Structures are given as structure tokens and as C-alpha cells.
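Down below is the structure, laid out as C-alpha cells.
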Amino acid sequence: MQTGTYYVTTPIYYVNDNPHLGHAYTTIVADALARFHKLLGEKTLFSTGTDEHGDKIVKAAAKHGQSPQEFVDTISGRFRDLWPRLQIANDRFVRTTDPHHIKVVQAIMQKVYDRGDIYFGEFGGHYCTGCERFYTEKELVDGLCPQHLTKPEFIKEKNYFFKMSRYLPWLKQYVEEHPDFIRPERYRKELLGMLESGALEDLCISRPKSRLTWGIELPFDSNYVTYVWFDALVNYISLLGYPDGEDYKTFWPGEHIVAKDILKPHGIFWPTMLRSAGLPLYNHLNVHGYWLMRDTKMSKSLGNVVDPVRMTELFGSDAFRYFLLREMQFGSDANFNYEAFIGRLNTDLANDLGNLFSRVLSMTAKYENSIVPQPRDKTDDDRAIMNDCADSMRNYIKLFESMQIARALEAIWELVRGLNKYVDTQAPWALAKEGKTERLKTVLYVLLACMRKVALVLWPVMPHAAITMLRQLGQDIDYGQNPELIIDDEINCFGGLYPGISIASSSNVFPRIDAKVMLAQLEEESRAMQEKARKLQAEKEASAPRPQVTFDVFKSCELRVGTVLSCEKLKGADRILKFSIDFGEGEPRQILSGIAQHYEPESLPGTQVCAILNLPPRTIRGAQSNGMILTAEKDGRVVLIRPEQPMPNGSLLG
Ligand code: ME8
């Protein structure tokens, strides 16, 4: 019996780069919510997609030597291919280059225009390409974009504006009167803060084609394309087939899941756009925090991004999903670190849940030939653990529904730990030894029945593992076919596991991870990634044009020829050579140079090099460097700069 409908969305991701942990997290949350609502017996729809227009995409495509369309096709495909690997079963995948989406954006734009909410005007603003938006003077931090900390470009041009300011008082009142419209509370407060600040103005919703053509043409002026955010937000209804589609009628309004970075467009632009177009508002905006890597923002240039594909290769998608959903308190930032990751998998999955399944199944094999026994009279202990089981399930539902997924899982783990304790206190092995077979049957039955419930409710979080555990308990449940398996009905009924059925004789769903070996491997992979990032960064810097220097500045550089007297590897630093060089100064000079991977130290004494001598001294691993040897570097190849003919030591370069 279906009790309602549930529509959940993720942001549609920019296709300027490959998917990473943050994208994986939001989409896993949405997938888990969709599955959870299926368990509640609701008809669900879950959508994700890619945001493909705008400056940012054009620049990324150019960098890869591709047309925007070719480029977006490739990267959008990568997002689509990733989702099944993480057991993400989205019902729809929307692309803002889809013809239907384009039509709906134009229809909404026209509606807002006809309502008199769009005007043409001149505007000067600080434009950040990273954010694809203008900032007012007040919003900048020390003249820089607050998100990217880069200097925005000041652009003055004629554009179309959405009269957002007209709807701001209404929105403020709406948010005040609907305390869970934006949740958790801290983001509602943040949004109210923005609404009260007076810094919000009308929204510039067009870009002149003279500057950008990669966008959706305005229906009322072909010289302009639509601002990416006005285009992207509309995806939430275009994919439902707005205005006449059955899905739109069935599923709108829905639930949005986003991270804190895009609170403003979702919390301010989107509701005011909907209001102006005369459409119902979404139900809730659910805002989560950021995943950090050891307290730092993940970034490609630091080489510290977590690759979801690699994580699932190493640990499986069930464990990866479990960790993300269990570790992050929805709304707060969370740290991803490998020690905590492996620690949690070993404790929660291998020790608690895995161990429960493994020991109860092998005891049932030993004492009952792997047949679910017929329970007899229940004791207070049995009734207590069964009550705990029902309570945990009730808590799980309540917490999951209010987006407290980590706490919902904690409620189930309390039960799992309680069941392990129940095994210890009831000691089935002792009952067997003492010949108390009736009691033994009851204890095993109670355990198996509770384990079945645990597996049932874990399906939203770990779909494959839940199905495997259920199969081990002789339950052939196809959630896809049978979504109306309602948890509610299961809570108070313990008859779902039939005595007499065959079950598995052993279980190893969550093997223990050898933390030491795995951490060493991950450490190695991180190092390689950081090295790659460092090289890329160095190449980027090397190819960037340098600012002009005056002749005097150049003349002030003391560049001289010298002869290498000795050279050896610096202790404790693989890449550094320690030189002693005669520059004709009376005393030899010590210089360190990071070229150990390119030259054997024995080959260098007696040869000449060039160096800059008047740099401040630097100390590396306790050794001082008094200058820098000149090299030429390209594509990872490094060679020393030497005079074409031997020259007296100390000769000046210029
Ligand atoms: O903003 N931690 O796309 P986007 C957690 N196209 N979540 C993270 C994260 C992190 N470190 N990094 C990214 C856009 N995310 C627009 C959206 S919607 C109409 C248009 C997730 O590719 C999180 O969900 O920059 C965040 O809101 C989203 O990726 C931003 O994705």
C-alpha cells in the first residue's frame, strides 16, 4: 500500500572537472533517502544531473582543446558512469543542454517577464568566473571573491534583471513562519541573516552574447543568454516534464539536498523565482557541510582529493557509503581521514555487525543444522531485546526522516551491540552443553529475527550488503520489485522469519581490514597524487608569463660560473644534492639543489655550473644552501646550465 510520494534531488554538478568525494556524498545521501522512503511505502523519484552552461565550462573546454559540447558530453558521462558503481540508483539524469530543459527555462523566463518582474538596465559589478556571478563591493573580502579568494573582474554592461528584491520581504516571512523550510537550523539562521543584511539586490539574469554564447537564449532578446543559475535551478521541474508531465503533477514539490556553498541560490534565488512564476515552493532545502581532508579543503592542486572510485575498488561501495553516512553529522563539516575510515569499518562493520552474523549463523549451523528453529516460551531477556529492536527501528525511522542519518545508524548499532551482548549473556553454547534445547531454539530464533530486521533497515545505506545478509537469512527480497515492504509493519511483528526455512551456515559480509597494510598503501597513493599535483602546479607556474623586471633589478642578480669541487646526496632527502663549488671567492660555497633524480653525484665534480649567489641562505634538513644552481626544465626533464666554453671561476653572467 503506498502512502505518499517523495521527490529528492541533488544539485546538478558542474562538468568542469571529474566527480569527487563531495559529489559522491550528496548523491549517496539522496539515494539513501529515496530508498528509505521506498521502505516507508512511498512512491519515490530521485534525480541528479549535470550543469553544462556558462563561462566556467567554456574555459575548461578550451583548456582541453575541445568544443564546449564535446567537453560536456565527456564529463557528464563520467558522472553518469560513476553512480552505479556507488549503488546510486537515480531515476532521472538531467542535463541542462537537454532540449526539453532549454524549453522549460525559456517558458519560466517568459512567465517571469510577463509578470513584469524582469527589466533591462546597466550594471557594474565584480564578476568571479569561479562562482559565475557578480559580487557587490560589500560582499568582497579585502577586494577578493569570498569563495575563491581571487580578484574578480570589474565588468560594466547592459543586462536583464530579475526583480528579486520585490519578493525578499515575503521570503523572509515565509522562512520565519516555516522553521524547517531550510534545515538544519544553522543554515536557516544564515539565510535569515542574508535577508536581514540589506545586501541583497535584484539578480542579473542574462549575459550578452558578445561575451558568452554557451547558454540558453532569452526568449525575449536573442542578443542575450540566460545566467547559469537561472538556467540550472529550473532543472528541478524541467526533468519532471513541467508544465504538463505526469511526474510534475505527481512529485512537485520535492526535497533538495545541497551543501552549504550553494545555500544562497537555493535559499533565495530559487524560491523567489518560483514565487514570481506562480509555482509552489519546494518542501525543504536540506543543507549539509563540507568534507575536509585532514582539516583542509580538498583541492586538486593540493593533491588531497578522495577519489570515490578508488575507495570503492579498495573497500566496496557498501562500506564506503556506510562510512560517509555514519561519519558526517548532516549540517556540520566532517573530516575524511584514512585511519578513521578503516577504524570505523573494522569496528562497526567487521566487529559489531559482521561478527554478529558470523557467530549466530555458525551456531545455528552447529546446533540446528542451519534451519530456523521454532521458538518456545520467551523470557524477560527475550522480550527486552525484542523491545529494544522495535525501539531502535522506531528511532531509526524518526531520525532518518528528519535528516539525522548518522544518528539513525547509531540507533541501529546500539541494537547490534545489544544483540552481541545478548549472545554473550544467553550463551547458546552453554545451553547446548546443558541439553536445554528448547531454550537454545528460542535464543537462536530471537537473534535471527532481530538480525533480519537489522538487515531490512540497512538497505537504504548498504543495498548490496543488506540483500546479502537477508539471503543468508533465507529471505529473498527484491526491493526493486517490492518497494512496499513497509518498515512500519515490521516494527511490531516478529513473525516475519518463518521457522523451518534453511539459512546460510556462515557469513563473511564484512571482512576485517589489515589496517597497517592498507594504510601504507593509501599513504603511498596519496604521496604519488601529491607529487603529481606538485609537478602540475610547477608546470603551470613555469608556463605562466612572468611580470616585467627593470634592467636594474636584473643587473642586481649575482649570476656566476663555478667549478664543482664535490657533490653528494643530502642525508635524509632523496631529491637533493649537496654541492661544494669554487666561485673564485677564496672559500668554496655550499649550495643545495633538487636535481638528485637527474644527475649522479659522482659525475659532477670537475664540471662547471652557473648559479645565482645573492639569494638569502636557506636551510634544508640542517644543511645550508647559499645560492641556487641554474637549470632548464621542461616536461619533467632537467638539465644544468653550463658555459659553452670553460670559463674562469667567478665569471659573471649577463
Ligand atoms: O554548485 N563536501 O555545482 P558543483 C561536500 N552546478 N559536498 C561537496 C563538496 C565537499 N567538499 N564539494 C562539492 C554547483 N560538494 C552548481 C549547482 S544546482 C541547480 C547547480 C557537492 O559541481 C555539494 O553537494 O560545484 C555541493 O553543493 C555541490 O557538490 C556543488 O557542486
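Note on Glu568 and His178: their simple-model spin labels are 7.4 nm apart, each label 7 Å out from Cα toward Cβ.
For Arg394 and Arg186, the FRET efficiency from 1/(1 + (r/R0)^6), where r spans their Cβ atoms and R0 equals 30 Å, is about 0.65. Largest first, the extents of the alpha carbon coordinates of region 175-305 on the three principal axes equal 48, 39, 35 Å.
Axis angle, to the nearest 10 degrees, between helix 355-368 and the longest C-alpha principal axis of the chain: 40 degrees. Summing Cβ point charges (Lys, Arg +1; Asp, Glu -1) relative to the Cα centre of region 535-607 gives a dipole of roughly 260 debye. Report summary: the helix-based calculation at 222 nm, which adds -39500 (n - 2.57) for every DSSP H run with n ≥ 4 and divides by the residues of the chain, gives -13000 deg cm²/dmol.
Report the trypsin sites (Lys or Arg not before Pro) located in region 576-626 that are in a DSSP loop and have at most 15 other Cβ atoms inside 10 Å of their Cβ, or state none. Display every interim value, and only then the final one.
On the way: sites: Lys578, Arg589, Arg618, Arg621; in loops: Arg621.
In loop regions of region 576-626 (DSSP not H, G, I, E or B), the sparsely surrounded trypsin sites (Lys or Arg not before Pro) are Arg621.
Ranked by the mean number of other Cβ atoms within 10 Å of their residues, highest first, the peptides 640-646, 14-20, 533-539 fall in the order 14-20, 533-539, 640-646. Against the longest alpha carbon principal axis of the chain, how many degrees, from 0 to 90 and to the nearest 10, is the axis of helix 99-114 turned? The two axes meet at around 90 degrees.
To the nearest 10 degrees, how steep is helix 317-327 against the longest Cα principal axis of the chain, on a 0 to 90 scale? For helix 317-327, the angle is close to 90 degrees.
Give me the net charge of Val175's neighbourhood, meaning all other residues with Cβ under 12 Å from the Cβ of Val175; Lys, Arg count +1, Asp, Glu -1.
Around Val175, the charge tally is -2.
The distance separating the Cα centre of region 180-212 from that of region 586-634 comes to 54 Å. For region 43-84, the equivalent ellipsoid built from the Cα gyration tensor has semi-axes of 25, 11, 6 Å, listed from largest to smallest. Ranked from largest, the principal axis spans of the Cα set of region 244-374 equal 69, 47, 23 Å. Only the Cβ atoms of Lys and Arg (+1) and of Asp and Glu (-1) were treated as charged; on that basis the dipole of region 236-326 about its Cα centre amounts to roughly 420 debye. Across the cross-link table entries Lys163/Lys249; Lys138/Lys398; Lys111/Lys172; Lys532/Lys569, which are compared at the Cα atoms, the separations over 31 Å belong to Lys138/Lys398. DSSP assigns beta bridges within the chain; of those with both partners inside it, close to 70 percent run antiparallel.
The ellipsoid equivalent to the alpha-carbon distribution of region 1-100 has semi-axes of 30, 13, 9 angstrom, derived from the gyration tensor eigenvalues as √(5λ) and listed largest first. If R0 equals 60 Å, the separation of the Cβ atoms of Arg85 and Glu644 corresponds to a calculated FRET efficiency of about 0.60.
Which of the three applies to region 572-654, rounded, prolate or oblate, going by the alpha-carbon gyration tensor with a ≥ b ≥ c and a/c under 1.5 meaning rounded? Oblate, because a/c is 1.5 or more while a/b does not exceed b/c. For the pair region 385-413 / region 504-535, the C-alpha centres are spaced 30 Å from each other. Close amide H pairs (under 5 Å, H built 1.01 Å from N) link Thr50 with Tyr13, Val94, Arg95, Thr96, residues at least 5 positions away or on another chain.
Ordering Lys555, Lys264 from largest to smallest accessible area (1.4 angstrom probe), what's the sequence? Let's see the in-between values first.
Values: Lys555 135, Lys264 30 Å².
Highest to lowest solvent-accessible surface, that is Lys555, Lys264.
In terms of the mean number of neighbouring beta-carbon atoms within 10 Å, the peptides 447-457, 544-554 order highest first as 447-457, 544-554. Ranking Ala384, Tyr396, Pro308 by Cα position along the charge dipole of region 296-426, where only Lys, Arg, Asp and Glu carry charges on their C-beta atoms, puts Pro308 farthest toward the positive end. Charges were assigned to the Cβ only: +1 to each Lys and Arg, -1 to each Asp and Glu. The resulting dipole of the chain about its Cα centre is roughly 640 debye. When the P(r) is computed for the chain, the part past 46 Å accounts for 37% of the Cα-Cα pairs.
Among rounded, prolate and oblate, which fits region 387-434 when a ≥ b ≥ c are the square roots of the eigenvalues of its C-alpha gyration tensor, a/c under 1.5 means rounded, and a/b larger than b/c means prolate? Each step should come with its number before you reach the end.
On the way: a/c = 6.37, a/b = 3.43, b/c = 1.85.
Here region 387-434 falls in the prolate category.
The calculated FRET efficiency for Lys436 paired with Ile371, based on their beta-carbon distance and R0 = 22 Å, is about 0.75.
The values are calculated or read from the model by the stated rules, or taken from the named source; none is laboratory data. In this text, all values refer to a predicted model and were calculated from it rather than measured experimentally. Here the Cβ is made from the backbone with ideal geometry for all residues, glycine too, and neighbour counts use every protein chain on show. Only protein heavy atoms, including side chains, enter the accessible area calculation; ligands, DNA and RNA are left aside. Shrake-Rupley method; radii C 1.70, N 1.55, O 1.52, S 1.80 Å.
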